[in-house]
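Here the structure is laid out as structure tokens; the discussion comes afterwards.
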Amino acid sequence: MLALLAAKPGALRGCPRAAAARCRRLGGTATAVPSAVPSAVPSAVPSAVPSAPRPFSQVPGEWRAGWLNLYRFWQEGGLTNLHLIMARKFRQFGPIYREKLGVYESVNIISPGDAATLFQAEGTLPERFSVPPWVAYRDFRNKPYGVLLKTGEAWRSERLLLNKEVLAPEAVPGFVPLLSAVGEDFVRRARAQARQSGHQCWTADFSQELFRFALESVCHVLYGQRLGLLQDFVEPEAQRFIEAVSRMFHTTAPMLHLPPALLRRLNTRTWRQHVQAWDVIFCQADKCIQNVYRELRLRHRSAQEHVGILGNLILRARLPLDDIRASVTEMMAGGVDTTSMTLQWALLELARAPGVQEQLRAEVLAAKREAGGDREKMLKSTRLLKAAIKETLRLHPVAVTLQRYTTHEVILQQYRIPARTLVQVGLYAMGRDPAVFPKPEQFWPQRWLAAGPKPFQGLGFGFGPRQCLGRRIAELEMQLFLMHILENFKIETMRAVEIGTKFDLILIPDKPIQLTLRPLECPA
């Protein structure tokens, strides 16, 4: 499912202008992310490339015995080591391999050039892996699909409308004050915790704190309302939601390789917990949606008032309320663990690289002086800060793979890949491939700022029309959060502790990460 060996960037045949234009019309981007990578030929690429494409049956890999492969996968801890197993298979088979686990079959690639080819072949109605347990839950509870799970013209028409509210350049500035306000509250909480500690600093496993911050942030943007999650006491309903999102991710992973219908028929514990988790998520989202709907009916909206993405969708009445509810619920559930986990990794990397941390702090403080504290203006001049987030996503991608079904036959690594094949780009393996990123284990944000094209190397949010719908919200949330932290605190950690990763639908630390936030005015 992932790949470790990339074709040299110079060999990339590019993303045609027509394809990029189509992507822009749908409100997406080609995600041709800048990064400094010299041309490098991966060692596993054969020295003699055949002149004619080879048949699909010759793609290397393990795809003839799906259930036996699944058994072996479980035996070697695949449910938690998926990314590491895939990286090993790229070393074993090269930059492309075919795999079948249980009933699911895929072709796995790692080359940025192949990712560009996949983008060109995704068609006007791109389709990715549908996450079977999420679909099964909605069918079981008779819930409508949101834009994440829809396909075809139903997906296209809804996505175009949502893009205007979530991804369009004119919509983004409205998110800045909402997200910045939550960041300011986090700083106040951190300072209070430092004072109370007696050590002039706040040392903790920040996973739950960042989860609460991310939920508060996404709800402020979606609903135009605050939940009060940055207080010492969290309402039981909000805490249940936080636990439900974690449980939903945790129970999804085992059901990626077994038919959810079978687990439902057997009434397994995993299926029951998955249903209970989604029930809590939908219940919490419904309450927030009902509150917004009630307030919109009772009060007149002023010209400057921000009613949130949900309020705008309801007022414009271009989508049925059930469709709005389904998509907003997906964004609420998916926008919490993903950003909070990336921020946790970012803080760890900055703590381990004090030199980089000081460079970022200098950039942020200089931008603050020049912009007079205007956060929107500061965002335009903090290039290294944005690069640090890209670098974090390279080392610690939220998703292990990025998937598309091919709409027609494509040639990848000189193999013919038929239409309707699930092809997966290996994000974790690509990010750690020295052929694409020199010294890949080093946290070095500057690599993204050097001159030269680096298309299809930074794919943390996907590419094309089906890239992450909440991408702009997540980017702003993380940039503004790090701004506030760097302005106020020094980030520290115990350097001798090694932190690994494990797969739990998203990549998470294999042990708690202990961090320290020390106010800049306090001596170490």
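Bear in mind these aren't lab numbers, they're just calculated from the coordinates by the rules spelled out. The model shown is predicted, which means the values in this text are computed figures rather than measured ones. Cβ coordinates were reconstructed from backbone atoms using ideal geometry, including for glycine residues, and neighbour counts include every protein chain displayed.
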Condition met for Ala353 (touching a Phe, Trp or Tyr at 6+ places or on another chain (Cβ under 9 Å) and closer than 15 Å to Ala136 by Cα): no
When (1) over 24 Å from the mean Cα position of the chain (by Cα); (2) surrounded by 17 or more Cβ atoms within 10 Å (Cβ to Cβ) are applied to Leu256, the one that fails is (1)
Selection from segment 87-104 of residues crowded, with 20+ Cβ neighbours inside 10 Å and on the phi < 0 side of the Ramachandran plot yields Ala87, Lys89, Phe90, Phe93, Pro95, Ile96, Tyr97, Arg98, Glu99, Leu101
Given the structure, is Gly373 more than 30 Å from Glu158 (Cβ to Cβ) and assigned to a helix (DSSP H, G or I)? no
Considering only segment 215-229, state which residues are of a type in the set (Gly, Ala, Ser) and either part of a helix (DSSP H, G or I) or crowded, with 22+ Cβ neighbours inside 10 Å (or both). Ser217
Glu216 vs (1) without any contact (Cβ under 8 Å) to a residue 40 or more places away in the chain; (2) farther than 27 Å from Glu165 by Cα; (3) charged (D, E, K, R): all pass except (2)
Considering Gly308, Gly372, Gly355, which residue is in contact with a His (Cβ under 9 Å, 6 or more places away or on another chain) and either under 26 Å from Leu505 (Cβ atoms) or not aliphatic (A, V, I, L, M) (or both)? Gly308
Within segment 105-133, can you find the residues that are buried (at least 23 other Cβ atoms within 10 Å of the Cβ) and in contact with a His (Cβ under 9 Å, 6 or more places away or on another chain)? Pro133
The listed residue being surrounded by fewer than 23 Cβ atoms within 10 Å (Cβ to Cβ), out of contact with any Ser or Thr (no Cβ under 6 Å at 6 or more places or on another chain), in contact (Cβ under 8 Å) with a residue 40 or more places away in the chain and of a type in the set (D, E, K, R), out of Glu330, Glu370, Glu409: Glu330
As an exercise: evaluate Asn142 against (1) surrounded by fewer than 22 Cβ atoms within 10 Å (Cβ to Cβ); (2) under 16 Å from Asp322 (Cα atoms); (3) in contact with a helix residue (DSSP H, G or I) (Cβ under 9 Å, 6 or more places away or on another chain) and give the number of the one condition it does not meet. (3)
Would you mind finding the one in Glu158, Glu184 that is touching a helix residue (DSSP H, G or I) at 6+ places or on another chain (Cβ under 8 Å), of a type in the set (Asp, Glu), crowded, with 17+ Cβ neighbours inside 10 Å and not in a loop (DSSP other than H, G, I, E, B)? Glu158
How many residues are among the hydrophobic types (A, V, I, L, M, F, W, C), under 15 Å from Leu222 (Cβ atoms) and not in a helix (DSSP H, G or I) when one looks only at segment 303-359? 2
In segment 378-474, which strands (runs of 3 or more DSSP E) lie fully inside it and hold 1 or more residues that are under 22 Å from Thr252 (Cα atoms)? 401-405, 422-426
